[in-house]
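In what follows, a structure is listed as C-alpha cells, so that the remarks can point back to it.
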Amino acid sequence: MELSWIRRADGRWCSLEHLDLSRIKTTAGVYVIWHAGMPSRVVRVGQGNIVSRLAVHRADPEIMQYGVKGRLLVTWAAVARDADRDGIVRFLLDRYRPLTGGANPVVIPIRVNLPGAA
C-alpha cells in the first residue's frame, strides 16, 4: 500500500514538540515518532485519531525523554479503515522495533512505503 507521509511545507519533518495540532486535517491514520539522534531511532508507532494521539504522546514523559537524544520528529498518513491501520502498524512495528509502545496487533502485516523512502 502506498501512503502519503506528511511533512512540513518546506519538505522537512514535523517537530513533535512544536507541531500546531490545530492545523492537522487528517483524522484517522497511522504515525511514526522518532528522535533525530545519531543514530536516529523510532520511539513510537501508532494509529487512531492523529490529533488526539499526538497530544497524548506530547504529554507523555516516557516518549518525551527521548528528546535528549535528538529532536523528536513525527509523520503520519491518512488510513481510513481500521483493519488496514492494524496491518500497517504491525508492519511498521516489525520493521522499526520502536523504543516504546504497546503490543503488536495480531494481524497480517500490510507492507507500505516507509517515511523518507524514495
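Bear in mind these aren't lab numbers, they're just calculated from the coordinates by the rules spelled out. Every value quoted in this text rests on a predicted model; they were computed, and no experiment measured them. Neighbour counts run over all protein chains shown; Cβ positions are idealised from the backbone, glycine included.
Please give the calculated 222 nm ellipticity per residue for the chain, where each DSSP H segment of at least 4 residues contributes -39500 (n - 2.57) and the sum is spread over every residue; nearest 500 deg cm²/dmol? List each step's numbers first, then the result.
Numbers: 3 runs with 28 residues, N = 118.
Computed ellipticity for the chain at 222 nm equals -7000 deg cm²/dmol.
What does the C-alpha gyration tensor say about the overall shape of the chain? Classify as rounded when a/c is under 1.5, otherwise prolate if a/b is larger than b/c, or oblate.
Judged from the Cα gyration tensor, the chain comes out rounded (a/c under 1.5).
Just to confirm my numbers, what's the Cα centroid distance between the range 23-55 and the range 57-94 in Å?
Taking the Cα centre of the range 57-94 as reference, the centre of the range 23-55 is 3 Å away.
Would you kindly calculate the translational diffusion coefficient of the range 1-57, applying Stokes-Einstein with the Kirkwood radius from alpha carbon pairs, for 20 °C and a viscosity of 1.002 mPa s, and quote it in µm² s⁻¹ without decimals?
174 µm²/s
Nearest 20 debye, what's the magnitude of the dipole of the range 26-118 about its Cα centre given +1 on Lys and Arg Cβ and -1 on Asp and Glu Cβ? Please report the intermediate quantities before stating the final value.
On the way: 12 positive and 6 negative charges, 47 e Å.
Charge dipole of the range 26-118: 220 debye, to the nearest 20.
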